[in-house]
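Colleague: I have a structure I would like to understand better, so I am pasting it below and will then ask my questions one at a time.
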Amino acid sequence: MAKEQKESSQGEMEGVNCLAYDEAIIAQQDKIQQEIANTNPLVSDRQDLSVLQKEYAEDDTVYQLKLKDLYKKYAYIRKTRPDGNCFYRAFGFAHLESLLENSKELQKFKEVAAKSKLDLVNEGFTEFTIEDFHNTFMDLIELCEKQPSLQELLNSFNDQNMSDYVVVYLRLLTSGYLQREHGFFEHFIEGGRTIKEFCQQEVEPMSKESDHIHIIALAKALNVSILVEYMDRGEGGTVNHHVFPEGGDPRIFLLYRPGHYDILYK
Amino acid sequence: MENKYNLKSPAVKRLMKEAAELRDPTEHYHAQPLEDNLFEWHFSVRGPPDSDFDGGVYHGRIVLPPEYPMKPPSIILLTPNGRFEVGKKICLSISGHHPETWQPSWSIRTALIAIIGFMPTKGEGAIGSLDYTPEERRALAKKSQDFCCEACDCSMRSALLPLTSNSNPSAEDRQAKELAQQIKFKAESSLVTQAGTSADKALTVTSGDSFTSAEQQTTERPHAEQAEVSPAAGVEDPQTPDENSPIRPLSPRQRRAQQHSRQAQRAAREPGASRAMFAPAPRHNESHAGSVVLIVVLTLALAALIFRRIYLANEYKFNYDL
């Protein structure tokens with residue numbers, strides 16, 4: 001910290017206020033992140049779905065109606081920290097959790113995951129920069145092979161280092177798949193960017209939020225089907241769901257509320 | 001060094017790997033950690049041959065955050081070069097000033113190649129950038145060979161492998177260079193978005209601190225000030241200030257926005273740092289623009305203090321209405 005301050009005052013000596021301004025933004029963002037981190041675990045315990053009721057005003061009819069609809073289909077929720085990485089973390093946890101008691105599927109998934117690094121290297125990612133992330137991801141899969149308690153898996157996902165490394169790897173897989181299938185995906189990119197630019201700006205950097213295109217890519221890259229329930233202020237009184245990729249048989253259920261993903265359980 | 005660090009730390013593991021990977025100098029770059037600190041590296045890069053930096057070899061520091069590679073490295077040049085200020089963090093999207101675009105799968109090598117790729121590009125007043133004339137840069141390039149670094153005990157004459165006649169960059173380097181191009185594009189576009197709206201506005205903004213004459217500066221400085229404010233103000237102040245009037249009174253909204261940014265700045269600083277805010281001016285006395293900056297900065301600071309009171313009062317009322 002002292003060093004940072006020294007550097008920031010040194011920056012000002014050199015003359016431009018915008019340097020301090022830049023750093024002030026960074027400092028403020030860090031502070032906000034810290035506050036979020038203090039109140040939200042990376043992945044929470046499983047809670048009764050009724051905890052959501054308290055988050056909305058009683059006279060907020062749109063959400064209260066949709067909540068009722070949600071109760072019909074699901075019983076529990078597991079929340080993730082709203083830090084821009086929630087989709088990847090929710091997906092990573094929910095998927096491994098679902099494989100804990102399904103060793104056949106776990107083996108299949110392990111093979112896909114093991115091979116995925118080579119695919120990325122062949123696509124031009126530098127091996128020594130991605131292997132730490134891949135190793136962490138494989139470590140976690142191997143942990144699941146030992147059939148640990150759910151708490152152990154939860155602890156791993158709440159260890160910031162490990163958890164973030166898994167997020168980085170899932171981001172890399174998403175980016176890799178988007179670039180591999182660029183012919184298909186480039187039609188969905190806004191702002192006249194190439195797929196590569198999109199990946200470098202919206203997929204690979206941490207804390208960049210995920211959209212449909214990210215979900216489709218990751219689901220396809222790992223050959224896992226994901227169902228997302230969408231709950232927003234739109235008309236209709238019911239939550240709408242979408243399965244990625246279409247026509248799959250999902251075992252992972254995520255709840256999307258504008259800007260954030262949590263995990264749902266039947 | 002192996003015993004000193006926790007090998008389980010992801011940053012240590014990664015940096016050890018990078019140190020091994022970059023151990024031998026190449027023709028274009030070399031970087032190694034200091035003997036007593038794995039989190040501070042020194043590097044040397046060769047100026048691109050087809051530029052004003054031809055023949056130059058430049059030395060600098062890389063400071064790595066404990067969260068590396070989740071957070072970006074900071075890069076600071078030590079050799080005068082006419083493109084980047086000496087002793088100051090460089091503003092590339094790859095270094096600490098744009099952490100949002102840093103990618104954990106990048107490495108120190110990526111950063112070095114980006115630096116080389118960046119040298120011939122225009123500084124345009126970005127943080128830590130200089131726009132010296134080609135003659136000055138060529139003179140500095142020649143001089144750079146004499147630089148010796150005491151901290152890492154190396155001389156620029158022998159820091160890198162000599163260029164050979166068939167010194168084509170390897171496939172890997174070419175790939176990294178492409179990446180550097182990508183980064184450059186991003187640095188510009190992030191500047192544009194930061195500055196607020198359109199590209200031509202960004203140009204006005206970025207030329208803010210590379211002034212050549214006092215007159216130019218007085219007209220441009222306020223632009224820079226306003227533009228700095230605009231990102232934070234974006235939410236409450238969607239109309240950006242009119243660019244054509246050089247010095248004009250700020251609207252209360254702008255002042256408020258400015259106030260916001262100043263408070264944020266203050267929060268990020270040590271309590272005594274408000275003095276440092278006035279320090280910049282004397283540094284600029286090469287052009288005798290310094291005193292003008294001082295006046296503008298002092299005036300703005302005063303205005304900021306005054307309107308802070310007004311702002312606080314307004315804010316109070318505003319909250320009350322809610």
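Colleague: Can you confirm whether B:Ala11 is open to solvent by 30 Å² or more (accessible area, probe 1.4 Å) and facing chain A (nearest Cβ under 10 Å)?
Modeller: Details: open to solvent by 30 Å² or more (accessible area, probe 1.4 Å): no; facing chain A (nearest Cβ under 10 Å): yes.
Against the criterion (open to solvent by 30 Å² or more (accessible area, probe 1.4 Å) and facing chain A (nearest Cβ under 10 Å)), B:Ala11 does not qualify.
Colleague: Considering only segment B:50-78, state which residues are touching a strand residue (DSSP E or B) at 6+ places or on another chain (Cβ under 6 Å) and among the charged types (D, E, K, R).
Modeller: Taking segment B:50-78 first, the residues touching a strand residue (DSSP E or B) at 6+ places or on another chain (Cβ under 6 Å) are B:57-64, B:73-78.
The answer is B:Arg61, and nothing else.
Colleague: For segment B:15-123, which fully contained strands (runs of 3 or more DSSP E) count at least 3 residues that are modelled with pLDDT of 85 or more, within 19 Å of A:Thr126 (Cβ to Cβ) and more than 14 Å from chain A (Cβ to nearest Cβ)? Before you say what the answer is, go through the steps one by one.
Modeller: Numbers: elements: B:29-34, B:37-46, B:57-63, B:74-77.
Filter on segment B:15-123 gives B:29-34, B:37-46.
Colleague: Tell me whether segment A:224-247 contains one or more residues that are surrounded by fewer than 21 Cβ atoms within 10 Å (Cβ to Cβ) and within 14 Å of chain B (Cβ to nearest Cβ).
Modeller: The answer is no; no qualifying residue exists.
Colleague: Only one residue in A:Met231, A:Met206 is closer than 26 Å to A:Val243 by Cα and touching a Leu at 6+ places or on another chain (Cβ under 8 Å). Which one? Step through it out loud before you land on a result.
Modeller: Values: A:Met206 fails: touching a Leu at 6+ places or on another chain (Cβ under 8 Å).
None of the others qualify; the one that does is A:Met231.
Colleague: Residue check, A:Glu101 against (1) open to solvent by less than 50 Å² (accessible area, probe 1.4 Å); (2) outside any helix (DSSP H, G or I), all met but one. Which one?
Modeller: Answer for A:Glu101: the failing condition is (1).
Colleague: Could you grab me the full set of residues in segment A:209-223 that are open to solvent by less than 10 Å² (accessible area, probe 1.4 Å) and in contact with a Leu (Cβ under 9 Å, 6 or more places away or on another chain)?
Modeller: Looking only at segment A:209-223, we keep the residues that are open to solvent by less than 10 Å² (accessible area, probe 1.4 Å), and these are A:214-215, A:217-219, A:222.
Answer for segment A:209-223, where residues must be open to solvent by less than 10 Å² (accessible area, probe 1.4 Å) and in contact with a Leu (Cβ under 9 Å, 6 or more places away or on another chain): A:His214, A:Ile215, A:Ala217, A:Leu218, A:Leu222.
Colleague: Further question: Just to verify a result, which residue in segment A:179-200, among those that are closer than 23 Å to A:Phe137 by Cα and within 14 Å of another protein chain (Cβ to nearest Cβ), is surrounded by the most Cβ atoms within 10 Å (Cβ to Cβ)?
Modeller: Ranking the candidates gives A:Cys199 first.
Colleague: Still on this structure, I have one more. Check A:Arg171 against each of (1) within 20 Å of A:Asn85 (Cβ to Cβ); (2) open to solvent by 20 Å² or more (accessible area, probe 1.4 Å); (3) among the basic types (Lys, Arg) and name the one condition it does not meet.
Modeller: All conditions are met except number (2).
The values are calculated or read from the model by the stated rules, or taken from the named source; none is laboratory data. Predicted model, so just to flag it, every value in this text is computed and none were measured. Note that we place each Cβ from the backbone using ideal geometry, even for glycine, and neighbour counts take in every protein chain shown. The protein model used for the area step is the full one, side chains on, heavy atoms only, and it has no ligands, DNA or RNA in it. Shrake-Rupley method; radii C 1.70, N 1.55, O 1.52, S 1.80 Å.
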